[in-house]
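Engineer: One structure, pasted below without further comment.
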Amino acid sequence: MPTPDSPTNFDVLIVGSGASGGWAAKRLSEAGLNVAIVEAGRPQSDENFTEHKPAFELKYRAMADSIVAKNHPIQSKFDVCNEYTQDWFVNDHDEPYTTPADKTFNWMGRLRMTGGRTNVWGRVSLRFSDWDFKSASHDGYGEDWPISYADVAPYYDIVEKYVGITGMAEGLEHLPDGQFQPPMPLTCQETVFREKVKAKLGRTVTLARSANLTRPINGRGPCHYCGPCERGCITHSYFNSAFTTVPDALKTGKCKLISNAMVHRVLMDPATNRARGLLYVDRVTKQSRELTARAVVLCAQSQESTRILLNSGTREHPNGLANSSGALGHYLTAHVRSGGGRGEFPELSHKKSLAGPNKPVGIYVARFRNLKNDPPYKKFLRGYGYEGESASSFNFRAPGFGNAFKQSVLQSRESFEITGFGEVLPRFDNFVEIDAEKKDIFGIPVLKIHMSDHENEIAMIKDMGDSAGEMLEAAGAKNIRTYANPSAPRWALHEAGIARMGANPKTSVLNGFQQTHDVKNVFVMDASGFTTNPCQNPTLTIMSLAVRSCDRLMDEMKHQNL
Ligand SMILES: Cc1cc2nc3c(=O)[nH]c(=O)nc-3n(C[C@H](O)[C@H](O)[C@H](O)COP(=O)(O)OP(=O)(O)OC[C@H]3O[C@@H](n4cnc5c(N)ncnc54)[C@H](O)[C@@H]3O)c2cc1C
Ligand code: SF4
C-alpha cells in the first residue's frame with residue numbers, strides 16, 4: 001500500500017531520464033513548469049566513468065565474461081555490458097521478462113542509471129525523411145505516420161545543435177543533412193571504401209553521423225579519441241542525458257529527480273478520465289509511493305512504457321490504459337542486423353604504435369534499395385543501411401623470429417567490417433503482453449514478448465550479406481567474408497512501435513503529438529509511438545519528437561485543456 005507521507009504535487013511527471021525523458025525534463029522545466037523525473041535507476045556521476053581505466057586495474061582484468069553473465073545473462077550478450085559497466089544494467093533475474101519457448105528475444109540495453117541507454121549507446125544519429133514517414137503511401141504496406149518531415153525538421157535542428165553531431169553533408173533526400181559539427185576524419189580503409197563504392201556502385205558511404213563532439217559546447221569538451229564511450233566520458237564529449245539534458249533541467253530549480261523509483265502504474269481519476277499521478281515502488285525500501293500531477297509523460301523506453309500502460313488497466317480501461325483500439329503492445333519492431341561482411345586492406349598497412357588515436361565513430365552506408373526514382377526492388381519492401389568500422393591491429397601472426405619478427409609484428413593489419421541495419425515491417429502478431437504468471441522483485445507483472453521474422457526480413461538479411469560482399473569487392477578488399485544469419489534471437493536495442501501513433505484512434509494509441517487518444521493528459525514520448533521503424537537509428541528522432549510533443553503539452557496546458 002502507498003505510504004501516507006508520499007503524495008507530492010507536480011505539473012508534469014516524467015517517467016525515465018534517458019534520451020526522451022531527459023529532453024522532456026529540460027524542455028518543460030526551462031519553460032517554467034514544475035516537473036519530476038521518476039527514474040528507476042541510480043544517479044549517475046563522473047566518478048563512475050572508467051574510459052581511461054586499463055583492464056589490468058579490474059578485479060578480473062575484463063576477462064571473466066562468465067562472471068558478468070551470472071547476473072546479466074541477457075544484458076551481457078552485447079559487449080557494452082561488461083566488467084566495467086555491469087552495475088549500470090538490470091539484474092536479469094530480478095527484472096525478468098518471458099517469451100514463448102520458440103521465440104527467444106534478447107531485450108538488451110536495460111539500464112538502471114540516470115541517462116538510461118544513452119550511457120552506453122552507439123551514438124549514430126540520423127534523420128528520418130518523408131520516404132520513411134510516408135512509406136505506406138509509397139509501397140502500400142501498413143500505415144503512414146500522422147506527421148511529415150516538415151513537422152519534425154525544426155526540432156531536429158534544435159536537438160542536433162544542442163547534442164553536437166559530427167557529420168558530413170551529402171545532399172540525400174532520403175537521409176537529410178543536419179546541423180553538423182565538423183566531421184571526424186575517415187581512416188584510410190574508410191576513405192578507400194567511400195570513394196570506390198561511390199565510383200563503382202553509386203552508393204553513398206559517409207561518416208556515421210554521431211553524437212560525439214569535435215567542437216566544445218555548453219562546457220563539454222571535444223572528443224580526445226580515447227575510444228570506449230560506453231564506459232562514460234569525463235569530458236562529456238559524447239551525448240548522454242546524465243550529463244546534458246538532466247543537469248540542465250535540475251539547474252532550473254523546477255525539476256526534481258526521484259531516483260530508484262520503479263513506476264508500477266499510472267493512477268486514474270475515473271470521474272474526469274484524467275490521470276492523476278503515478279504509483280511507484282522505491283527500489284531500496286520496496287515501499288509503494290504515490291505522486292500526483294496535471295500530466296504524465298512516459299519516457300521509460302518502448303517496452304517499459306507499454307508495460308506501465310498495460311499494468312494500468314481500470315474498470316473503465318479494462319485492457320490496459322489507452323488501449324481502446326486494441327493496438328497497445330502490438331506492431332513491435334526492432335532492427336535486423338545479422339547480415340554484413342568484412343575484408344582486409346593489406347596495401348594500407350603501416351608501422352603501428354600503441355599510442356594511436358581511437359576514433360569512436362565509423363562510417364554509414366546510406367540506404368540504396370527501394371528509393372524514390374528506382375523501380376521497386378523485387379526481393380523485399382523498404383531498406384537497410386550499414387554501419388561500418390575499421391580496425392588496425394598488430395600483426396601477431398607474423399612469421400619468423402628475432403628482429404625480423406619484431407619488425408613484422410609492428411606492421412599493422414588493416415581490416416574493415418560493415419553490418420546491415422534493416423527495417424522490420426510492423427505486424428500485429430509481433431507483440432508484447434503482460435505475463436499473468438510472473439512478477440519482478442518489486443511485485444510488478446512482467447512482459448511476455450512475442451516476435452518472429454517474416455519473409456521480408458529474411459530476404460533483406462540475405463541481401464545485406466550479398467551487397468556487403470559486392471561493396472567490399474568494389475573497394476578492393478582482400479580475404480572477404482560475408483554473412484547472412486537468421487536474426488533470431490532478435491538484436492533488440494532499437495525497439496519501437498508498440499503504442500503507435502496514428503490519425504485514427506480505432507487503429508492507434510497515440511496522436512501525432514504522442515498524446516494518448518483515450519486519456520488526454522497521458523503522453524508517451526519514447527519510440528513506442530513510432531508508426532514504423534525505418535532503418536536509420538531511432539534516437540535522434542525520439543529526442544526531436546519529445547521536444548515537439550512537449551511544446552504541444554505546454555500549449556494544451558496554457559489553453560486549460562489539461
Ligand atoms: C548498446 C546500445 C547501442 C545503441 N546505439 C544506438 C545508436 O547508435 N543510435 C541510436 O539512435 N540509438 C542507439 N541505441 C538506442 C538508444 O540508446 C535508445 O533508442 C534511446 O536511449 C531510447 O531512449 P528512451 O528515452 O526511450 O529510453 P532510455 O534511454 O533507455 O531511458 C529509459 C529510462 O527509463 C527508466 N525506466 C524504465 N522503466 C522504468 C520504470 N518502470 N519506472 C521508472 N523508470 C523506468 C530506465 O531506468 C531508463 O533510465 C543504442 C542502445 C544501446 C543499448
Ligand atoms: S572517445 Fe571521445 S567521446 Fe568517447 S569517451 Fe573518449 S573522449 Fe569521450
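Engineer: Could you list all residues from region 54-75 that are surrounded by 14 or more Cβ atoms within 10 Å (Cβ to Cβ), over 19 Å from the mean Cα position of the chain (by Cα) and among the polar types (S, T, N, Q)?
Structural biologist: 71
Engineer: While we're looking at this one, here's another question. Filter region 37-53 down to residues that are surrounded by fewer than 24 Cβ atoms within 10 Å (Cβ to Cβ) and outside any loop (DSSP other than H, G, I, E, B) and give me whichever is farthest from ligand 2 (Cβ to nearest atom). Show your work before the answer.
Structural biologist: Within region 37-53, the first condition is being surrounded by fewer than 24 Cβ atoms within 10 Å (Cβ to Cβ), and the residues that meet it are 42-43, 45-53.
Okay, now just the ones that are also outside any loop (DSSP other than H, G, I, E, B), so 42, 46-48.
Details: 42: 21, 46: 12, 47: 15, 48: 13 Å.
Only one residue tops the list, namely 42.
Engineer: Hey, among the residues in region 186-237 that are at pLDDT below 95 and over 13 Å from residue 360 (Cβ atoms), which one's surrounded by the fewest Cβ atoms within 10 Å (Cβ to Cβ)?
Structural biologist: This residue is 188.
Engineer: Out of the residues in region 515-542 that are among the aliphatic types (A, V, I, L, M) and in a loop (DSSP other than H, G, I, E, B), state the one that is farthest from residue 421 (Cα to Cα). Spell out how you get there, then give the answer.
Structural biologist: Initially, region 515-542 is screened for residues among the aliphatic types (A, V, I, L, M), giving 519, 522, 524-525, 527, 540, 542.
After this cut, where a residue has to be in a loop (DSSP other than H, G, I, E, B) as well, the list is 519, 525.
Details: 519: 35, 525: 23 Å.
Filtering first and then ranking leaves 519.
Engineer: Same structure, new question: If you check residue 265 against the conditions, is it near ligand 1 (Cβ under 10 Å from one of its atoms), without any contact (Cβ under 8 Å) to a residue 60 or more places away in the chain and either of a type in the set (Asp, Glu) or over 30 Å from residue 185 (Cβ atoms) (or both)? Break it down stepwise before answering.
Structural biologist: Details: near ligand 1 (Cβ under 10 Å from one of its atoms): yes; without any contact (Cβ under 8 Å) to a residue 60 or more places away in the chain: yes; either of a type in the set (Asp, Glu) or over 30 Å from residue 185 (Cβ atoms) (or both): yes.
Here the answer is yes, as residue 265 does meet what is asked.
Engineer: Taking region 201-224 on its own, how many of its residues are under 20 Å from residue 120 (Cβ atoms), more than 13 Å from ligand 2 (Cβ to nearest atom) and of a type in the set (Lys, Arg)?
Structural biologist: Looking only at that region, the number is 1.
Engineer: Still on this model: Pairs, please: C-beta under 6 Å, at least 6 apart or cross-chain, first residue farther than 18 Å from residue 180 by Cβ and in region 215-233, second more than 6 Å from ligand 2 (Cβ to nearest atom) and of a type in the set (A, V, I, L, M)?
Structural biologist: Listed pairs, sorted by first residue: 230/80; 230/120.
Engineer: Evaluate region 101-114: report whether one residue or more is modelled with pLDDT under 95, away from ligand 2 (no atom under 16 Å from the Cβ), of a type in the set (A, V, I, L, M, F, W, C) and surrounded by fewer than 21 Cβ atoms within 10 Å (Cβ to Cβ).
Structural biologist: yes
Engineer: Follow-up. Would it be correct to say that residue 242 is touching a helix residue (DSSP H, G or I) at 6+ places or on another chain (Cβ under 7 Å), within 16 Å of residue 23 (Cα to Cα) and not in a loop (DSSP other than H, G, I, E, B)? Steps first, answer last, please.
Structural biologist: Numbers: touching a helix residue (DSSP H, G or I) at 6+ places or on another chain (Cβ under 7 Å): yes; within 16 Å of residue 23 (Cα to Cα): yes; not in a loop (DSSP other than H, G, I, E, B): yes.
Against the criterion (touching a helix residue (DSSP H, G or I) at 6+ places or on another chain (Cβ under 7 Å), within 16 Å of residue 23 (Cα to Cα) and not in a loop (DSSP other than H, G, I, E, B)), residue 242 qualifies.
Engineer: Are any residues in region 238-280 surrounded by fewer than 24 Cβ atoms within 10 Å (Cβ to Cβ) and within 25 Å of the chain's Cα centre (by Cα), and if so, which ones?
Structural biologist: 247, 248, 250, 256, 257, 258, 259, 260, 261, 264, 265
Engineer: A further question follows. Here's a check for you: in region 76-100, which residue that is outside any loop (DSSP other than H, G, I, E, B) and of a type outside the set (A, V, I, L, M, F, W, C) is surrounded by the most Cβ atoms within 10 Å (Cβ to Cβ)? Before the answer, list the steps.
Structural biologist: To start, the set of residues in region 76-100 that are outside any loop (DSSP other than H, G, I, E, B) comprises 76-77, 86-89, 98.
With of a type outside the set (A, V, I, L, M, F, W, C) added as a condition, the list becomes 76-77, 86-87, 98.
Working: 76: 23, 77: 14, 86: 18, 87: 14, 98: 15.
The extreme case among them is 76.
Engineer: In addition: State all residues of region 162-175 that are more than 21 Å from residue 535 (Cβ to Cβ) and either surrounded by 23 or more Cβ atoms within 10 Å (Cβ to Cβ) or free of Cβ contacts under 8 Å to residues at least 24 places away in the same chain (or both); if no residue qualifies, say none. Talk me through it step by step, then tell me what you get.
Structural biologist: Keep residues of region 162-175 that are more than 21 Å from residue 535 (Cβ to Cβ), which gives 162, 164.
Of everything in region 162-175, just one residue is more than 21 Å from residue 535 (Cβ to Cβ) and either surrounded by 23 or more Cβ atoms within 10 Å (Cβ to Cβ) or free of Cβ contacts under 8 Å to residues at least 24 places away in the same chain (or both), namely 164.
Engineer: Select from region 121-160 the residues that are more than 22 Å from the chain's Cα centre (by Cα) and aliphatic (A, V, I, L, M) and write down the one among them that is nearest to ligand 2 (Cβ to nearest atom).
Structural biologist: For region 121-160, the residue satisfying everything is 150.
Engineer: Which residues, counting only those in region 472-500, are hydrophobic (A, V, I, L, M, F, W, C), outside any loop (DSSP other than H, G, I, E, B) and in contact with a strand residue (DSSP E or B) (Cβ under 7 Å, 6 or more places away or on another chain)? Before you say what the answer is, go through the steps one by one.
Structural biologist: Filtering region 472-500 for residues hydrophobic (A, V, I, L, M, F, W, C) gives 472, 474-475, 477, 480, 484, 488, 491-493, 496, 498-499.
Imposing the further condition that a residue be outside any loop (DSSP other than H, G, I, E, B) reduces the set to 472, 474, 480, 484, 491-492, 496.
Correct list: 472, 480, 484, 491, 492, 496.
Engineer: For region 365-420, what are the residues that are at pLDDT below 90 and assigned to a loop (DSSP other than H, G, I, E, B)?
Structural biologist: Within region 365-420, 372, 373, 374, 394, 395, 396, 397, 398, 399, 400, 401, 412 qualify.
Engineer: Quick one: in region 421-468, of everything that is in contact with a His (Cβ under 8 Å, 6 or more places away or on another chain) and either buried (at least 23 other Cβ atoms within 10 Å of the Cβ) or at pLDDT below 95 (or both), which residue is farthest from residue 481 (Cα to Cα)?
Structural biologist: 432
Engineer: Okay, moving on. Among the residues of region 344-364 satisfying the criterion of being away from ligand 1 (no atom under 16 Å from the Cβ) and in a strand (DSSP E or B), which is modelled with the highest pLDDT?
Structural biologist: Ranking the candidates gives 344 first.
Engineer: From the list 338, 392, 349, 353, exactly one residue is at negative phi, of a type in the set (Gly, Ala, Ser) and within 19 Å of the chain's Cα centre (by Cα). Which is it? Full working, then the answer.
Structural biologist: Working: 392 fails: within 19 Å of the chain's Cα centre (by Cα); 349 fails: within 19 Å of the chain's Cα centre (by Cα); 353 fails: within 19 Å of the chain's Cα centre (by Cα).
That would be 338, the only listed residue that is at negative phi, of a type in the set (Gly, Ala, Ser) and within 19 Å of the chain's Cα centre (by Cα).
Engineer: Please determine, by comparing only the residues of region 1-50 that are at pLDDT 95 or above and of a type in the set (D, E, K, R), which one is farthest from residue 556 (Cα to Cα). Reasoning before the result, please.
Structural biologist: The first filter runs over region 1-50 and keeps only residues at pLDDT 95 or above, leaving 10-50.
Applying the additional criterion that residues be of a type in the set (D, E, K, R) yields 11, 26-27, 30, 39, 42, 46-47.
On the way: 11: 13, 26: 18, 27: 15, 30: 17, 39: 25, 42: 32, 46: 38, 47: 40 Å.
Per the stated criteria, the residue is 47.
Engineer: Right, here's the next one. If you check residue 272 against the conditions, is it of a type in the set (Val, Ile, Thr) and free of Cβ contacts under 8 Å to residues at least 24 places away in the same chain?
Structural biologist: Details: of a type in the set (Val, Ile, Thr): yes; free of Cβ contacts under 8 Å to residues at least 24 places away in the same chain: yes.
Criteria met by residue 272.
The values are calculated or read from the model by the stated rules, or taken from the named source; none is laboratory data. The structure presented is a predicted model; accordingly, all values stated were derived computationally and were not measured. Here the Cβ is made from the backbone with ideal geometry for all residues, glycine too, and neighbour counts use every protein chain on show.
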